[in-house]
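S.K.: Here it is: the structure, laid out below.
Just so you know, all these numbers are worked out from the coordinates, no wet-lab data involved. Everything quoted here is computed from the prediction, not taken from an experiment. Here the Cβ is made from the backbone with ideal geometry for all residues, glycine too, and neighbour counts use every protein chain on show.
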Amino acid sequence: MTLPTEPIGSIPRPRALQEAWTEHAQGRLPSAELAKVQDQAIADTLTRLEELGCPVLVDGDQAKPSTITYPLTGFASLAPDGAVIPFADGHTRQLPRLTAGPFRYQVRAETYLRDALRHTDRPVKQSVVAPSALSLLYPGEPIGGYSREEFLRDLADEAEADIRGCLDAGAHCVQLDFTEGRLSLKLDPSGSVLDQFIELNNEVLGRFGEGERARLGVHTDPGADHDSTHSLDIDYAGLLPKLFQLKVGNFYLQLASEPDPERALKIVADQLRPGIRVFIGVTDPTSTTVETPEEVRDRILLAARYIPVEQLGTCDDAGFSPFADDTSTSRDLAFAKIDARVRGTELASAALGL
């Protein structure tokens, strides 16, 4: 028996897929041909994860344009000038802005899951965007004939359907990506926006039964795009107590890149409650250095001083390529780090007598 270990989600796309995305965007490659290249990348991703001995697989988000905007593909009522997310290295990401209602997902995550399950009989995890992230689509000025309250009701319904579709399709677990949690404290140090995010996410999560919530999780990180972050400078202590209010059975926490991981672990220990599992990040996707299995082991053993082993698991700090155009991390580097996570988790499990 070993501690459970899971990937977070995105993995860098192979060069053929990156080129196919570009050609499709320029109108030189039909959608059907792009889909073929995506399917090949999905199959290769799953095979390589199996070969590394990963007990839980992901499709690496090979067919997603981004982990945030996948539901919006083909949605017409959007303008490009939405909320801007600044990163520490100076680059930014910009969300679209909703221009009219009603709001409806155009693509559901279960589509990606079903495609992945055609290629493997191993457990497959599916990540979904948290409704709190998509709540940022609504502009500051009200949309005529479509209030923010109406939008949030529609968003909650769509997010529930996105999650439920993945559970029904056979996901091992469904992970809500909540990168905006820590970022919200940078944009609003009072914490009121974070409170709104928690309330909205719990509105959706509260619609699931206890057994279903055991298969739900939430992932938080300070961003991981082009080897940079958007909120690593924000004190984790402001987020963690509120994060653990979310109604899920699994928490996936960035920790390897945290300046003071032991301080964060002490806060986590104060928030533990029965029936949840905490997966700690043991590899840093924003670093070009591959962790050794022994380094991973030692990070886990530190965490085991604060988190009971029956409630402990391991993961990567974040996805390796959350946006399809992010080529800052090579595919081989990502798999090398995943291999270190798997091997290091085995070493820690043995050291813990599991």
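S.K.: To make sure I understand, if each residue's beta carbon is the centre and we count other beta carbons within 10 Å, what order do Cys315, Cys54 fall in, fewest to most? Don't skip to the end; give the middle numbers.
M.R.: Values: Cys315 30, Cys54 21.
Placing the least packed residue first, the sequence is Cys54, Cys315.
S.K.: If Lys and Arg each add +1 and Asp and Glu each add -1, what is the summed charge of the other residues whose beta carbon sits under 15 Å from the beta carbon of Val309? Write down the numbers at each step before the final one.
M.R.: Details: positive: Arg277, Arg297, Arg299, Arg305; negative: Glu310, Glu346.
So the surrounding residues net to +2.
S.K.: A further question on this structure: Counting DSSP beta bridges with both partners in the chain, what percentage is antiparallel, nearest 5? Walk me through the intermediate numbers first.
M.R.: Details: 8 of 32 bridges.
DSSP beta bridges in the chain are roughly 25 percent antiparallel.
S.K.: A further question on this structure: Skipping prolines and chain starts, which residues have an amide H placed within reach, meaning under 5 Å, of the one on Arg277, given they are 5 or more residues away or on another chain?
M.R.: Correct list: Asn250, Phe251.
S.K.: List, largest first, the extents of the alpha carbons of region 144-296 along their principal axes, each in whole Å.
M.R.: If we take the Cα atoms of region 144-296, the spans are 52, 36, 32 Å.
S.K.: Full-extension gain between Thr47 and Ala25, please, as 0.36 nm times their residue separation minus the C-alpha to C-alpha distance.
M.R.: Working: separation 22, 0.36 × 22 = 7.92 nm, distance 2.78 nm.
Residue separation times 0.36 nm, minus the Cα-Cα distance, leaves 5.1 nm.
S.K.: Is the shape of region 1-160 best called rounded, prolate or oblate, per the rule: a/c under 1.5 gives rounded, else a/b larger than b/c gives prolate, else oblate, with a ≥ b ≥ c the square roots of the Cα gyration tensor eigenvalues? Kindly include the intermediate steps, with their values, before the conclusion.
M.R.: Details: a/c = 1.97, a/b = 1.57, b/c = 1.25.
In terms of gyration-tensor shape, prolate.
S.K.: Okay, moving on. Compare the Cα positions of Gln18, Ile234, Ala156 along the charge dipole of the chain (+1 at Cβ of Lys, Arg; -1 at Cβ of Asp, Glu; about the Cα centre) and return the one farthest towards the positive end.
M.R.: Ala156
S.K.: If you don't mind, another one. At a Förster radius of 41 Å, what calculated FRET efficiency corresponds to the Cβ-Cβ distance of Arg153 and Glu294, to the nearest 0.05?
M.R.: Numbers: r = 51 Å, r/R0 = 1.24.
Approximately 0.20, to the nearest 0.05.
S.K.: What whole number of Å gives the distance from the Cα centroid of region 297-324 to the Cα centroid of region 220-247?
M.R.: Computed from Cα coordinates, the inter-centre distance equals 14 Å.
S.K.: Let me ask another. Arranged by the count of other C-beta atoms within 10 angstrom, fewest first, what order do Leu167, Leu17 take? Let's see the in-between values first.
M.R.: Details: Leu167 17, Leu17 22.
So the residues, fewest neighbours to most, are Leu167, Leu17.
S.K.: Under the rule a/c < 1.5 gives rounded, and otherwise a/b versus b/c splits prolate from oblate, where does region 21-97 land using the Cα gyration tensor? Show your work: numbers first, answer last.
M.R.: On the way: a/c = 2.39, a/b = 1.42, b/c = 1.68.
Here region 21-97 falls in the oblate category.
S.K.: Going by C-beta contacts inside 10 Å, put Leu253, Leu347 in order with the fewest on the left. Show your work: numbers first, answer last.
M.R.: Details: Leu253 25, Leu347 18.
The fewest-first ordering by Cβ neighbours comes to Leu347, Leu253.
S.K.: Across the chain, how many lysine pairs, 8 or more positions apart or on different chains, have C-alpha atoms separated by under 16 Å? Please give the number.
M.R.: On the way: Lys36/Lys64; Lys64/Lys125; Lys186/Lys242; Lys242/Lys266.
Number of lysine pairs found: 4.
S.K.: What percent do you get for the relative contact order of the chain when only Cα pairs under 8 Å and 6+ apart count? Intermediate results must be reported in sequence, preceding the final value.
M.R.: Details: 674 pairs, mean separation 75.7, N = 354.
Reported relative contact order: 21 percent.
S.K.: Applying the Karplus parametrisation 6.51 cos²θ - 1.76 cosθ + 1.60 with θ = phi - 60° to the phi angles of region 318-333, what ³J(HN,Hα) value in whole Hz is obtained for each residue in order, glycine and proline being reported as x?
M.R.: Whole-Hz 3J(HN,Hα) from phi for region 318-333: 7, x, 8, 7, x, 10, 4, 8, 8, 10, 5, 10, 6, 5, 5, 5.
S.K.: Within 14 Å, Cβ to Cβ, of Leu265, how many net charges do the neighbouring residues add up to if Lys/Arg are +1 and Asp/Glu are -1? Spell out each step's value before the answer.
M.R.: On the way: positive: Arg263, Lys266, Arg299, Arg305; negative: Glu258, Asp260, Glu262, Asp270, Asp298.
Net of charged neighbours comes to -1.
S.K.: In whole angstrom, how long is each semi-axis of the equivalent ellipsoid of region 191-248, when you take the square root of 5 times every eigenvalue of its Cα gyration tensor and sort them from largest down? Please report the intermediate quantities before stating the final value.
M.R.: Numbers: eigenvalues 117, 40, 18 Å².
Semi-axes (√(5λ), whole Å): 24, 14, 10.
S.K.: Equivalent ellipsoid semi-axes for the chain, as square roots of 5 times the alpha carbon gyration tensor eigenvalues: give them largest first, rounded to whole Å. Don't skip to the end; give the middle numbers.
M.R.: Details: eigenvalues 172, 123, 74 Å².
Square roots of five times the eigenvalues give 29, 25, 19 Å.
S.K.: If you place +1 on the Cβ of every Lys and Arg and -1 on the Cβ of every Asp and Glu, how big does the dipole about the Cα centre of region 5-351 come out, in debye to the nearest 20?
M.R.: Using Cβ point charges on Lys, Arg, Asp and Glu, region 5-351 gives about 480 debye.
S.K.: While we're here: Looking at region 113-270, send over the antiparallel percent of its DSSP beta bridges, to the nearest 5. Write down the numbers at each step before the final one.
M.R.: Values: 2 of 15 bridges.
Close to 15 percent.
S.K.: Here's a follow-up. What does the charge count around His172 come to, taking other residues whose C-beta lies under 9 Å from its C-beta (Lys +1, Arg +1, Asp -1, Glu -1)?
M.R.: Computed value for this residue: +2.
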